[in-house]
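Take a look at the structure set out below.
Taken together, the values in this text are just the output of simple stated rules run on the coordinates, not laboratory data. Please read these numbers as outputs of a predicted model, since none were measured by experiment. Neighbour counts run over all protein chains shown; Cβ positions are idealised from the backbone, glycine included.
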Amino acid sequence: MRGTIIMWAGDHGTVAAGGRRYEFDIDHWQGNVVPATSMTVEVAIDDGELAALTPVSEAELARESLAAMTGEGRKYAKAVFADVGKDVAIGYGAFLVIALFVNLVSAAGGVGVHFTLVDLLSGDIAHAALGGGSGRGVLLVLLATASMAAPYFWKHRLAPLAFAVPLVVTAAALWPIYREHSRQRAAVEAMDEFGDAMSRMADQLEGQAGAFDTIGTGAWLLVAIVIFLAFKGVVRFLARGQGSVTSSSAS
């Protein structure tokens with residue numbers, strides 16, 4: 001069993017293990033390092049008496065700590081998935097994958113563009129277009145994904161509304177593109193009023209607008225997913241509210 005040295009005075013000491021204290025001396029020690037206070041040791045007991053002490057290496061302690069944290073993480077992940085339900089968990093997983101990897105803007109006129117949700121959230125589309133990374137975009141996507149756990153850790157009736165966070169993040173990313181596209185379309189329609197002489201220029205402007213003309217299939221899929229998650233959050237919120245009303249009436 002594991003124990004901790006609580007005192008060492010040169011040739012003898014005391015170790016705590018299993019709720020007891022044992023006196024030991026250097027003859028009990030089976031290590032290549034000198035015993036020290038607060039050192040973690042493996043304690044061997046024979047017929048209720050201390051038989052041997054073996055130091056536990058820092059590397060072993062680190063591995064055990066990592067295994068414990070990983071186990072705790074798996075436990076909480078399973079609990080969160082069970083709490084939100086399979087459909088919501090799958091929805092959040094799809095949101096994360098699309099946000100990180102799927103192009104949301106269709107190319108037109110032979111112009112190759114590739115913008116993920118992470119890129120659009122970066123706040124610097126020109127930098128993203130040149131292949132620049134976006135720590136801000138990644139952080140926002142991860143925070144939006146983490147909102148899945150809100151109802152499990154925050155036992156408030158408003159907690160399910162956190163499922164709308166991916167919708168808010170997605171809208172914040174796509175709205176500027178839609179607004180710019182609408183502005184360019186309005187300019188093209190205004191140019192058409194000048195007649196055939198100006199229509200060729202209008203066609204050119206329309207072709208330029210085409211690079212951001214269409215929100216791609218990936219974006220529409222993402223929008224459907226985040227609307228579904230928000231809907232599930234509202235339904236769960238209303239169900240909690242109904243439960244609170246019922247409990248109040250019963251009391």
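Local charge sum around Val234 (other residues, Cβ-Cβ under 14 Å, Lys/Arg +1, Asp/Glu -1)? Numbers along the way, then the final one.
On the way: positive: Arg157, Lys232, Arg236, Arg240; negative: none.
Taking every other residue near Val234 into account, the sum is +4.
Please list, in order, the residues from the range 64-105 whose amide nitrogen is less than 18 Å from a point placed 7 Å along the Cα→Cβ vector of Met1.
Inside the label zone: nothing.
Rounded to two decimals, what is the ratio between the C-alpha radius of gyration of the range 2-56 and 2.2 N^0.38 Å? Before the final figure, lay out each step's value.
Working: Rg = 9.7 Å, N = 55, 2.2 N^0.38 = 10.1 Å.
The reported ratio for this selection is 0.96.
If we count every other residue with Cβ under 15 angstrom of Thr70's Cβ, Lys/Arg +1 and Asp/Glu -1, where does the sum land?
In short, +2.
Shape call for the range 38-93 from the C-alpha gyration tensor, a ≥ b ≥ c root eigenvalues: rounded (a/c under 1.5), prolate (a/b greater than b/c) or oblate?
prolate
Full extension from Ala77 to Arg183: what is 0.36 nm times the residue separation minus their Cα-Cα distance, to one decimal in nm?
That works out to 33.7 nm of additional length.
What number comes out for the charge environment of His12, summing +1 per Lys or Arg and -1 per Asp or Glu over other residues with Cβ under 11 Å away? Please report the intermediate quantities before stating the final value.
Details: positive: none; negative: Asp11, Glu23, Asp25, Asp27.
Once positives and negatives cancel, what remains is -4.
Simple spin-label model, 7 Å along Cα-to-Cβ: His114 to Thr37 in nm?
According to this spin-label approximation, the distance is 6.0 nm.
Take the Cα pairs of the range 1-102, get the Kirkwood Rh, then feed it into Stokes-Einstein at 4 °C and 1.567 mPa s and tell me D in µm²/s.
This corresponds to a translational diffusion coefficient of 76 µm²/s.
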